[in-house]
Amino acid sequence: MKLELENLTKKFGNFTAVDHVKITMTNGVYGLLGVNGAGKTTLMRMLCTLLKPTGGTIVCDGKNIFEMDGEYRRLLGYLPQEFGFYPEFTVRDYLFYVASLKGICPAIAKKRVRELIAKVGLSNAANKKMKKLSGGMKRRAGIAQAMLNNPKILILDEPTAGLDPNERIRFRNLISELSEERLVLLSTHIVSDIEYIANEIWLMKGGRLLRTGTADEIINSMPEKVWQCFVEKNMVSDFMRKYKISNMKSEPNGVELRIISNEKPLAQAQSVKASLEDVFLYYFEEKAGDENAAV
Amino acid sequence: MLQFEIKKVFTKFKNKMALLFLLVTLIAVSMLTINRVEYIDENGGRSVGISAARSLRAEKNKWAGYLTKNALQQAAEEHAAIVNSEGALSNDTREQDLAYSRQQGISTIVEIINSAFSEWRDYNYYAIDGISIEDASNIYERRVSNLKKWLDSGEETFSKAQKDFLISQYESLKTPFYYEYTDGWSALLQNISTFILILALFIGFFVSGIFSDEFQLRADSIFFSSRLGRNRAILSKMGAGFSIVTAFYAVFILLHTAIVLLVLGADGANCPIQLDLWRSVYNITFFQAYLLIITGGYVGTLFAAILSMLVSAATRSTATATIVPFIILCAFPFLSRILTLPQICAFFPDQLLEIYISVKEFNLVQFGGKVMNVVTVITPAYLAACLLLLPVLYRIFKKAEVK
Ligand SMILES: Nc1ncnc2c1ncn2[C@@H]1O[C@H](COP(=O)(O)OP(=O)(O)OP(=O)(O)O)[C@@H](O)[C@H]1O
Ligand SMILES: [Mg+2]
């Protein structure tokens, strides 16, 4: 399985949401990391044939996916970022309906639905109406429908958004379990989500891919260093004006700062190993954001 | 897939409520129709319902048979006897009512004689009293000669071809008429248009969300990214719409017909519609008129429903789609009242639900030298329009993007 994106571009009027993206994917987990509005969802919608690109092509094993049409979608499983259900359908009805949309024959659908309900942990809720499910359960139903056709290409748009920490970890494990032998593209703006499960990470900003590579490659791509130091409270705003601050921890007698900078910001500052979070901050924030200052 | 599409429609709360209303309407309209048939008993009391219909039927069927010259004269004699009876001439209104109650068995025959001897545009209740018994037997000749006289009078604007068509239709009507109790069919046909209109609006309401709800529920991403989302799944939505239209139309029309005719009686199906609609150019029976009316109604309902689904798919708004049947079926008749362009208004889709009126009036269309009844043109024309709209609907949904 090979997906090639060639100068993929999507414009909404004058606004370019996805800008000449060029990349190739094979089996494995790809983590798409970007701030709000980076163009992640738009890119994924094109990959799911929901939006027609303004320019460029998406080619699956040598064939244009828009020409393959149903043949391509047969390989596809998609969990959208925001999506609704048929409120009066039970989980089971819903999955059977999606199975029929995917052209799965009833006998196989029956088996798949049973397996997946168990796998995503919805056995007790299978006969509950969709409108009665909690947010986490809805996402489970969402991942179950994406997996119904045992897709070769699985696209997950912010699968862990809005989940509590426990649920998020369980969900992450589920995804990592499901991602064997497939091409998985998952987007998030939460670094820890993909740090562990993605083989390759893409940093996306303003519709473009800034950096791609393994977590280590991305970390090493950062030209600046990370420092840790302890300062008095009244100095914090000074530092914030001068440096990118990747983390800040208040203590009784001062504040511990994590600073991204080429030169040593303070005599007693210690150089530390950069994390993916630091890199994320480095690429996505012009300067330490004001919202972080409030922490 | 189809059964899930239908399930989606009928698990919606609004549609469940609408279904309930539709059932109530069915009962109400059936009751109103049934109450149109009245019987006056020998004490002068008026009644409606099953037993009233039974009694009236018995009275009328005493006269069942072909309305030959002989039969018409007998009826005229009976009428004269009643009119000149002691009771009818008395000053006591109760006595009068009683006398006239004896006329119920021949009331329809009296009406057609009156029609034959009235001026073209006015029905004269007493026309029969001004003619001889022999004259009463000439109604069939009068029907044709009245038409010719009117066409020659210059009061109307028919073309030569249309005049010829009317005359030939009149002349080819089979006489003598077969007569029996027809009040069940008669009441049904007079009122069924209202019921069809209500039914069409409800059906339009049911199907209006089939396409747009996908967007409104935000289920569109998963729908369109599925393998069959841009082909077979659209067909199954269209199939669901068609099944709902057809099944609801058939079941509710059948129920209404059954309720009305079970109470009022189904005799007279094979009597000519002219017993009721003396001037009709349609040489058909009550039952054939019924078939014409419900076929037109079905095509009208289907047309409104398909347009509603089209708007549903194009605007992605269920509310907008819901309004469409109202515009097509309710606003057009209103428009035709202010437009006064009978040539165009005769082709509005609401006419499909008003076929009873078309059967009653001279609604003709002419293509070159060929003249036809409007009904025989608009019913197939709108059916063709439905078929043409289907691929449009399919394409709109197939091309939909999820933004
Ligand atoms: N249908 C649309 N019409 C106009 N602009 C759009 C449309 N969809 C997205 N955009 C714009 O394109 C940009 C990228 O949006 P997109 O949803 O792809 O971002 P994202 O990376 O998924 O963000 P988030 O993390 O908030 O989900 C945004 O600025 C958005 O406003
Ligand atoms: Mg998004």
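The values are calculated or read from the model by the stated rules, or taken from the named source; none is laboratory data. None of the values given here were measured: they were computed from a predicted structure. Cβ: placed from backbone, ideal geometry, glycine included. Neighbour counts: every protein chain shown. Just the protein is used for accessible areas: all its heavy atoms, side chains included, with ligands, DNA and RNA removed. Shrake-Rupley method; radii C 1.70, N 1.55, O 1.52, S 1.80 Å.
For the reader, a short list of remarks on this structure follows.
- Relative contact order %, chain B, counting alpha carbon pairs below 8 Å whose residues are six or more apart: 19
- Computed from the C-beta positions of A:T57 and B:F158, the FRET efficiency with R₀ = 51 Å rounds to 0.20.
- Backbone HN-Hα couplings from phi across region A:56-62 [Karplus 6.51/-1.76/1.60, Hz, Gly and Pro as x]: x, 9, 10, 10, 10, 6, x
- Residue (of B:I109, B:N43, B:N124) at the positive-pole extreme of region B:19-133, dipole from beta-carbon charges: B:I109
- Counting, for every residue in A:95-106, the Cβ atoms of other protein chains within 10 Å of its Cβ and taking the mean gives 5.
- Other residues whose C-beta falls under 13 angstrom from the C-beta of A:N27 contribute a net charge of -1, scoring Lys and Arg +1 and Asp and Glu -1.
- Carbon/sulfur fraction of accessible area - region B:36-192, other protein chains in place, 1.4 Å, %: 45
- Lysines whose Cα lies under 17 Å from that of B:K174, excluding same-chain neighbours fewer than 8 positions away: B:K69
- Reducing region B:100-159 and region B:164-243 to their Cα centroids gives an inter-centroid distance of 38 Å.
- Whether region A:1-58 is rounded, prolate or oblate, judged on the alpha carbon gyration tensor where a/c under 1.5 counts as rounded: oblate
- Other residues within the sphere of radius under 13 Å centred on the Cβ of A:R170, judged by their own Cβ, net out at +1 (K and R +1, D and E -1).
- Members of A:K205/A:K249; A:K225/A:K264; A:K225/A:K273 lying beyond 18 Å, as alpha-carbon distances in this model show: A:K205/A:K249
- Positive-pole candidate from A:M130, A:I108, A:I153, dipole of region A:3-220, charges at beta carbon: A:M130
- Only helical runs count toward this figure. For chain B, summing -39,500 (n - 2.57) over DSSP H runs of n ≥ 4 and dividing by all residues gives -21000 deg cm²/dmol at 222 nm.
- Annotation note: GluC sites (Glu not before Pro) in region B:16-75 located in DSSP loop regions with a Cβ neighbour count of at most 10 within 10 Å are B:E42.
- Global geometry of region B:111-156, whether rounded, prolate or oblate, following the gyration tensor of its Cα atoms and the 1.5 cut on a/c: oblate
- Here, region B:287-390 is characterised by an Rg to Rh ratio of 1.00, where Rg is the alpha-carbon radius of gyration and Rh the Kirkwood radius.
- Positive dipole terminus of the protein assembly as shown, leading residue within A:M222, A:S179, B:S226 (C-beta point charges): A:M222
- Residues whose amide H falls under 5 Å from that of A:R208, counting only those 5 or more places apart or on a different chain, are A:D19, with hydrogens built in the peptide plane.
- Whole-Hz Karplus values for region A:121-135 come out as x, 10, 3, 7, 10, 4, 9, 7, 6, 4, 5, 9, 7, 7, x Hz, taken residue by residue from phi with 6.51 cos²θ - 1.76 cosθ + 1.60 and θ = phi - 60°; glycine and proline positions read x.
- Here chain A carries DSSP beta bridges of which approximately 65% are antiparallel, counting only pairs with both residues inside.
- Inter-chain neighbour count for A:47-53: the average number of beta-carbon atoms from partner chains within 10 Å of each residue's beta-carbon is 4.
- Restricting region A:1-101 to trypsin sites (Lys or Arg not before Pro) in coil, as DSSP defines it, with at most 16 other Cβ within 10 Å: A:K2
- Relative contact order %, chain A, counting alpha carbon pairs below 8 Å whose residues are six or more apart: 20
- Taking the Cα centre of region A:225-273 as reference, the dipole from Cβ charges on Lys and Arg (+1) and Asp and Glu (-1) amounts to some 240 debye.
- Reference-scaled alpha-carbon Rg (2.2 N^0.38 Å with N residues) for the protein assembly as shown: 1.45
- Taken about its Cα centre, the protein assembly as shown carries a charge dipole of roughly 2880 debye when the Cβ of each Lys and Arg holds +1 and the Cβ of each Asp and Glu holds -1.
- Partner lysines whose Cα lies under 25 Å from the Cα of A:K63, excluding those fewer than 8 positions away in the same chain, are identified as A:K2, A:K10, A:K11, A:K22, A:K40, A:K52, A:K102, A:K152, B:K398, B:K399, B:K403.
- The GluC sites (Glu not before Pro) of region A:54-142 that DSSP puts in a loop, and whose beta carbon has at most 12 other beta carbons within 10 Å, are A:E82.
- Protein heavy-atom accessible surface, 1.4 Å probe, per residue over region A:225-273: 62 Å².
- Alpha-carbon centroid distance for the pair region A:115-141 / region A:252-273, whole angstrom: 47
- Other protein chain C-beta atoms within 10 Å of residue C-beta, averaged over B:227-239: 4.
- Three-way shape call for region B:154-216 based on the alpha-carbon gyration tensor, with the a/c threshold at 1.5: oblate
- Placing +1 on the Cβ of every Lys and Arg and -1 on the Cβ of every Asp and Glu, with no other charges, gives region B:39-158 a dipole of roughly 520 debye about its Cα centre.
- Phi angles across region A:14-30 convert, under the Karplus curve 6.51 cos²θ - 1.76 cosθ + 1.60 with θ = phi - 60°, into 3J(HN,Hα) values of 8, 8, 9, 8, 10, 10, 6, 7, 9, 6, 10, 10, 10, 4, x, 9, 10 Hz, Gly and Pro given as x.
- The residues of region B:39-158 expose on average 56 square angstrom of accessible surface per residue, using a 1.4 Å probe on protein heavy atoms.
- Mean shadow area of chain B over all directions, Cα convex hull, nm²: 22.8
- For region B:39-158, averaging the sequence separation of C-alpha pairs within contact (under 8 Å, six or more residues apart) and dividing by the residue count gives a relative contact order of 25 percent.
- Proximal aspartates and glutamates relative to A:K111, as straight alpha-carbon distance under 18 Å, when same-chain residues fewer than 8 apart are discounted: A:D93
- Charge context of B:V392, other residues only, Cβ under 12 angstrom, K/R +1, D/E -1: +3
- In chain A, one over the average inverse separation of all distinct C-alpha pairs is 21.0 Å, which is the Kirkwood hydrodynamic radius.
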